[in-house]
Every structure is written in structure tokens, then in C-alpha cells.
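Some notes on the structure that comes next.
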Amino acid sequence: MSDYLIRGIALEGRVRAFAVQTTSITEELSRRHQTTPTATAALGRTVAAGLLIGAMLKGEEHLIIQVKGDGPIGQIVVDANAKGEVRGYVDNPLVNPPLKENGKLDVSAAVGTEGFLYITKDLGMKEPYKGSVPLVSGELAEDFTYYFAKSEQTPSAVALGVLVDKDHSILASGGFVIQLLPGLTNDEIVVIEDMLASLPSFTSMLDGGLSLEEILQTVLPSVEIMDQMDVVFRCKCSRDRVETTLISLGKAELQEIHDDDGFAEVVCHFCNEAYRYDREDLQRMIDL
């Protein structure tokens, strides 16, 4: 089944719910960037978060997530929009810390526990909205939970997960956000918290055959699904865009590349696509 995202409400609109399946997207990112299982999990979790937050935007609005921890993975960058399109990369795709004692991937060891989570939203205003919070665990779901509470003042429960098979293929990937809005009683909050505390992991439910709708109904039996949309990996790079960037270097630098190397190769961070320009291409750019 194609990756998709759903939005819903519960308790007469006093709870918002979002859930996303990103198994195919995470598989493609893993293939493009040749990530280790731990790097795949870190990038996949952040990609799921990007799509979930992107679903809270509208129109042409988009966002960039940067996770800058002190771990060996370096920076995680994800670019997502309101249309369900996403791309992303990590600085060090080969990071490979030992497994935890329980045999699970140690994402926190890769990301680090000191650093910051930055989210920049382009909402079509003169200046983008920028929010940041310190990392609280490096496991990422807890870090995004903290972001919602501190930067957006919205109490939220965030679940993010990537289940990697022994052959490094992706069995399940995605996550959900449950947001508690004004008007909830303490008793209602306690019931939701108890349901969340008793849940199996998101990826185990997804891998076990549950749909996103069924997963949300497990947490919020009264949830009403409002809409659904496909989500996809999509990069904005193209040969023409890269050429424009090369031209912006100026004729002198292009001439130097032309004379010394005879070609230019540019690799996109987000999709790992390589664009090669030979001596004739460079001369054409110089002659413009």
C-alpha cells in the first residue's frame, strides 16, 4: 500500500490526531543515502515528524527541520510541505553505534543528547517562523513532544518509529501526533494518557497489520477521520537548477574548473543524485 497520512478529531474537536505511514519513503531514503539501520531509523523518524507537522500547514507552506545533536550522525535535515512531499538527509549515513541491551537500535547514541531541534516554517509571511528547543533524549519522539509543548504551547503525544529487518529492508515506518486542545477535562486527559501508556509501539502495530485508522481508534475510540492524503518522497533538485547554481559562481571560477578539472559534478544532499557537466557544458555556461 502507498504511504499516506490521515487527520482526525475526537471529543468534539478538543483533540486533534494525525498519523502517517512512511514505509516506502524510508526505504527509498535508505537506498539513496545507503544508511545504516540506525541512521535509517533516525532519518525515518524525523521524516515522519516532518510530514505530520507539514499536515498542520496549508497551501504552499513548508518547513525545514534540523536536528543538531552532539552524536556522530551529525545534522539531520528534513524538508516537508503541506502537500505531503518530503525529502531529507543525515550528515553521516554510516553511523553504527552498538545496539541497546534490549537489542533495539540506539538512535539516541547516534543523534546525541546535547544539542537543539530547530523548526523553520515558511508561512508566506515576510519572515519565516522559527522555533527551537534543546534535545531532551535524542530518541526524537520525546524531542518533538517537548517542541510542541514549549515552542507551540500545545500538549502533544508523539510516536515515531522505524522497524528495520535483518536484511536492512524497512518493515514499517511512520508515527502519530495526538494534540490536546483547550476544553478537555482532567478525567478525559487521564483516559487518553492511560490509553497511550498501554499502547504497543507504533511500528509493531503497523507491522502487525493495523491501518492508521485502526491505530488512532485504539488511542481515541471516538476519533472521526476527517481526510486522507498520499505522502511521497520528492526532491526539488534538477539539472537546470544545479546549472543555475554553477552559473552563479561566476565566469572566472567556471573557467578555472573548465581548465583544471574539465568537468563539474554536483551531488544533491537531499536525494544523493549526481549531476555531471563536461567541458562543453562548462564552456556553454561561461559563454552565456
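The values are calculated or read from the model by the stated rules, or taken from the named source; none is laboratory data. This one's a predicted model, so the numbers in the text were calculated from it and none came from an experiment. Backbone-built Cβ (ideal geometry, glycine too); neighbour counts: all protein chains shown. For the accessible areas, the whole protein counts, side chains as well, though only heavy atoms, and no ligand, DNA or RNA atoms are used. Shrake-Rupley method; radii C 1.70, N 1.55, O 1.52, S 1.80 Å.
Given springs between every Cα pair under 10 Å in a Gaussian network model of the chain, which of 107, 133, 158 has the largest fluctuation?
133
Relative contact order for the chain: what is it in percent, counting Cα pairs under 8 Å that are at least 6 residues apart?
Once divided by the residue count of the chain, the mean separation gives 22 percent.
Over the chain, what is the percentage of antiparallel beta bridges among all DSSP beta bridges, to the nearest 5?
Numbers: 59 of 61 bridges.
Counting only bridges with both partners in the chain, antiparallel ones make up about 95 percent.
Once the dipole of the chain is set up with Lys and Arg at +1 and Asp and Glu at -1 on Cβ about the Cα centre, which of 18, 204, 155 lies farthest towards its positive end?
Ranked along the dipole, the leading option is 155.
From the helices alone, meaning DSSP H stretches of at least four residues, give me the mean residue ellipticity at 222 nm for the chain, per-run term -39500 (n - 2.57), in deg cm²/dmol to the nearest 500.
Taken over the chain, the calculation gives -10000 deg cm²/dmol.
Using Cα positions and a limit of under 25 Å, work out the lysines in reach of residue 104, with same-chain residues fewer than 8 apart set aside.
68, 166
At 1.4 Å probe radius, can you tell me the per residue accessible area of the chain in Å²?
48 Å²
Tell me which lysines have Cα within less than 16 Å of residue 58's Cα, excluding those fewer than 8 residues away on the same chain?
83, 121
For residue 172, which sequence-distant residues (separation of 5 or more, or a different chain) have an amide H within less than 5 Å of its own amide H, given hydrogens modelled in the peptide plane?
Those lying under 5 Å, H to H, from residue 172 are 163.
Expressed as a whole percentage, what fraction of the accessible surface of the stretch 11-145 belongs to carbon and sulfur atoms when a 1.4 Å probe is rolled over the protein heavy atoms? If you can, show how the numbers build up before the last one.
Details: 2740 of 5540 Å².
Roughly 50 percent, rounded to a whole number.
So for the pair residue 34, residue 14, with labels modelled 7 Å out along Cα→Cβ, what separation do we get in nm?
The answer from the label model is 5.4 nm.
Quote the FRET efficiency, to the nearest 0.05, computed for residue 142 versus residue 263 with a Förster distance R0 of 51 Å and r equal to the Cβ-Cβ distance.
0.65
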